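First comes the structure, then the notes that go with it.
The values are calculated or read from the model by the stated rules, or taken from the named source; none is laboratory data. Everything quoted here is computed from the prediction, not taken from an experiment. Here the Cβ positions follow ideal geometry from the backbone for every residue, glycine too, while neighbour counts run over all protein chains shown.
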Amino acid sequence: MTVETIKHLNIQPTIVKALDAQGIYQLSPIQAQSLPDALQGKDVIGQAQTGSGKTLCFVIPALEMIEVSDFSTQVLMLCPTRELADQVAEQCRLAAKEIGNVKVTTLCGGQPMGPQIQSLKHSPHIIVGTPGRVMDHVEKRRIDLSNIKLRVLDEADRMLDMGFEDDLRVIFGQMPSRVQTLLFSATFTEQIERVANQYLSNPVTCKVEAQDSKPAITQLGYSVLAHTRTQALKAVLTHYQPKNAIVFCNRKVQVTEVVEALQEDGFSAAGLQGDMEQIARTAVLMQFASDALQVLVATDVAARGLDIDDVACVINYTVSEEPETHIHRIGRTARAGAKGMAVTLVSDEEEHFLRKIEVLQESDIPLKGAQSLRFHKNKITQPEFTCISLSAGKKQKLRPGDLVGALTKDAEIPGDDVGKIAVQNSMSFVAVKARSVKKAMTQFREGKIKGKRIRARKL
């Protein structure tokens, strides 16, 4: 059974109203397939690509079943990375806005334990987290999972690739024997099948076929030698001049090397890899999302869970050894109906990996010689915006409108010069066009927002 709109789902009006406020009325193909079964309490395996709207496939059933007056943890959502966990938690809060008093706590590694321990003293209704950190709290008996009604494995293929299977065993061992389980994965591997057989009971399988969600991606390959790879990357960037690009590397050390090489020639570039502190990761992501950074260089693990709609180009600096990972990488472009480009740099030793990718996606990737491209330093473009980080957020009752008012009314900056604004818990980010950055910084330094001084720094 499939339905077409949120209103056909027979869910609480409060959830419908909150989704309505976000402009969500129609159901995506994976939502239409999976939600009716999930809302009936059935176990579900959902197979769909990143950007298909699968988060609501488990957020809606979670909110529908929670008893707000019961102050115990009733839902656990596990994600492979911090960024994805943050996005899922934010979607939970937005969808629960009209219900009131639904407590959502995020538990991720790389963040201080103290605040998490404090938050767990009053059991949250929903815990969203990465398996490693959730397991730490479970083993220290800070979480009581005996009243769990629903558990979610989001991007399960990545979770298993990252070696979290043992953590799942520990976490799930603390739950009642029968718990509704929703598993979502972009690929269906033997590992996924094994985990599904272990933890799901008579699951309904929902799959969005490739043609339903096949993005409009132009794929190209360029043959390179080991010593010409970086030069070829620079040539690709100046030849095609994408508005922005994500460059994928197989190893952390490559990320550092590539960022240094690009910055040396004047490109606006920054790296994202697993060893970075959360504050640094957030700063880089916000710059990229607000068009204040042209090139984001990342490993696959670090880039997992990125939710940036408007990526013009994906460049595979090295060919992924796993064909499924290649599909994940290029899925970062051509989202929400846009067109995108994916360029892969291929050495002779990597050609057999490229063939595996072609078999999986059932289409060839045309391969050209990189010598046909030239790097033109004078064609390097700089971002239109600069991202400013502010030391206040939702906890200080800050809203995007407050920042727009301070910049356009008080600082008299043209509205067109103010770009994307993101207000987080205790920080905010605002993008301002280069010509107005000086005015904006003066306003933040000398003026007040909501009667308070706020520290600002250019990223």
Residues being under 11 Å from residue 46 (Cβ atoms) and either part of a helix (DSSP H, G or I) or of a type in the set (S, T, N, Q) (or both) - total across segment 185-195: 1
Residue within segment 215-232 that is within 21 Å of residue 357 (Cβ to Cβ), charged (D, E, K, R) and surrounded by fewer than 16 Cβ atoms within 10 Å (Cβ to Cβ) present: no
Scan of segment 402-415 for residues that are farther than 15 Å from residue 387 by Cα and assigned to a helix (DSSP H, G or I), ordered by number: 402, 405, 406, 408, 409, 410, 415
All strands (runs of 3 or more DSSP E) inside segment 256-328 with 1 or more residues being without any contact (Cβ under 8 Å) to a residue 12 or more places away in the chain and of a type in the set (Gly, Ala, Ser): none
Which listed residue, of 256, 318, 238, is polar (S, T, N, Q) and within 21 Å of residue 157 (Cβ to Cβ): 318
Members of segment 29-54 found to be assigned to a helix (DSSP H, G or I) and either under 19 Å from residue 200 (Cβ atoms) or assigned by TED's automatic domain parsing to the domain that holds residue 330 (or both), listed by number: 30, 33, 34, 35, 36, 37, 38, 39
Positions within segment 128-167 being modelled with pLDDT of 90 or more, more than 18 Å from the chain's Cα centre (by Cα) and hydrophobic (A, V, I, L, M, F, W, C), in sequence order: 134, 135, 138, 143, 145, 148, 150
Criterion (acidic (Asp, Glu) and buried (at least 17 other Cβ atoms within 10 Å of the Cβ)) met by exactly one of 417, 364, 410: 417
Number of positions in segment 116-127 that are within 23 Å of the chain's Cα centre (by Cα) and assigned to a helix (DSSP H, G or I): 1
Residue 307 touching a Pro at 6+ places or on another chain (Cβ under 7 Å) and either acidic (Asp, Glu) or at pLDDT 90 or above (or both): no
Residue satisfying all of: in segment 340-372; among the aliphatic types (A, V, I, L, M) and part of a strand (DSSP E or B); farthest from the chain's Cα centre (by Cα) among these: 367
Any hit, segment 80-89, residues being in a loop (DSSP other than H, G, I, E, B) and at pLDDT 90 or above: no
Leading residue by the ranking (farthest from residue 196 (Cα to Cα)) among those in segment 55-79 that are assigned to a loop (DSSP other than H, G, I, E, B) and of a type in the set (Val, Ile, Thr): 68
Any hit, segment 441-454, residues being part of a helix (DSSP H, G or I) and touching a helix residue (DSSP H, G or I) at 6+ places or on another chain (Cβ under 9 Å): yes
Out of 371, 287, sole residue that is modelled with pLDDT of 80 or more and either surrounded by 19 or more Cβ atoms within 10 Å (Cβ to Cβ) or not assigned by TED's automatic domain parsing to the domain that holds residue 256 (or both): 287
Options 164, 188, 184, 172: the member that is farther than 15 Å from residue 48 by Cα, touching a residue at least 60 places away in the same chain (Cβ under 8 Å) and of a type in the set (Phe, Trp, Tyr): 164
